[in-house]
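Asker: After the structure tokens below, expect a handful of questions from me.
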Amino acid sequence: MIIGDRLEFVFIHNPKCAGTALRSVLMPFDTTGNLFWMHDTCNGHKIDKAHMPLFLLKQRFPEYFGLLSRYLTFMAVRNPFTRAISAFNETHQELYVAYAGGESLSRYRYELNRFFEDLTESEINGWSFAHRHFVRQADFCFLGRKRYVDITLRCESLVEDVAKVGLFAPDLAAALATVPQTHQRPIGHRPAELLNHLAVKRIVDLYDRDFALFGYSRSPLTA
């Protein structure tokens, strides 16, 4: 998360949604001394300060949570299928490197599908540090039924969506317009080519709210 008091904005860092690129252009506006980076604890759990769903932010940093209702708040979102695969690649880097290098496609697909077939609700509820990249996108945008994020920027149309920010904060939009449009770890194949039907069903079930709230199709053929 990045907070800029001068321009009165909060950027919510949703994992695997161009967050590193967005942080790089927003850091000059940060007024927290890079507070929301590295790790901390909350209720005995290790947490990642860069990626905090809103319930964690409210518990650990209530004074900053209060700014969400006062400042322009925005985040990036991504198709749940490609985001899920990107999160897997982040947490299985050796496997991804071999796959990206043209090796072990069959092993990569096997491990990818087995992972998502076994993924559970409790692992993506925000308390599992090992699964912090798999938390629902909705949990970075909503607390209960209340939405705290004013603007969502789709990774698939980032340049066009930055114009929404420009309506409220032109200087901020000018910085966002310089964000690189490439992913650090491209997934290489379309989700429909990598995921079996059991993994697809599990992703749809676990991230059903993300598909609905952010307008993405539940078919991997369209991701």
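Asker: Give the Rg/Rh ratio for the range 2-222, taking Rg as the radius of gyration of the Cα atoms and Rh as the Kirkwood radius, to two decimals.
Answerer: 0.96
Asker: Per DSSP H run of at least 4 residues, take -39500 (n - 2.57); add these up for the chain, divide by its residues and hand me the 222 nm value, nearest 500 deg cm²/dmol.
Answerer: For the chain, the value works out to -11000 deg cm²/dmol.
Asker: Nothing charged except the Cβ atoms of Lys and Arg (+1) and of Asp and Glu (-1): what's the magnitude of the dipole of the chain about its Cα centre? Round to the nearest 20 debye.
Answerer: 300
Asker: Take the alpha-carbon centre of the range 1-63, take the same for the range 76-90, and report the distance between them in whole Å.
Answerer: Measuring centre to centre over Cα atoms gives 19 Å.
Asker: Along Cα→Cβ, 7 Å out, is where each label goes; now give me the distance between the ones at Ala177 and Glu103 in nm to one decimal.
Answerer: 4.5
Asker: I've got another one for you. For the chain, what is the number of Lys pairs with C-alpha distance below 24 angstrom, counting only pairs 8 or more positions apart or on separate chains?
Answerer: 11
Asker: Now for a separate question. From zero up to wherever the largest Cα-Cα distance of the range 1-90 sits, split into 10 Å bins and tell me the percent of pairs in each.
Answerer: Result, from short to long distances: 16, 48, 31, 4 percent.
Asker: Continuing with this model, one more query. Note down the relative contact order for the chain as a percent, whole number, built from C-alpha pairs under 8 angstrom at least six residues apart.
Answerer: Details: 298 pairs, mean separation 58.2, N = 223.
Reported as a whole number, the value is 26 percent.
Asker: When Lys and Arg each count +1 and Asp and Glu each count -1, what net charge do the other residues less than 9 Å away from Arg83, Cβ to Cβ, add up to?
Answerer: So the environment of Arg83 carries a net charge of +1.
Asker: Please give the residues of the range 20-63, grouped as numeric ranges, whose backbone N is less than 14 Å from a label point set 7 Å along the Cα-to-Cβ vector of Asp5.
Answerer: 29-35, 63
Asker: Below 14 angstrom from the Cβ of Cys17, what's the summed charge of the other residues (Lys, Arg +1; Asp, Glu -1)?
Answerer: Net local charge, Cys17 excluded: +3.
Asker: Same structure again: Rounded to the nearest 0.05, what FRET efficiency do Lys58 and Lys164 give with R0 = 30 Å and r taken as the Cβ-Cβ distance? Could you check?
Answerer: Efficiency at R0 = 30 Å is approximately 0.75.
Asker: Which one, Met52, Met27, Met75, has the greatest fluctuation when you compute a Gaussian network model over the chain with C-alpha springs under 10 angstrom?
Answerer: Maximum among the listed residues: Met27.
Values in this text are rule-based calculations from the coordinates and carry no lab data. Note that the coordinates shown come from a computational prediction; the quantities given were computed from them, not determined experimentally. FYI the Cβ positions are ideal-geometry reconstructions off the backbone, even for glycines, and counts take in every protein chain you see.
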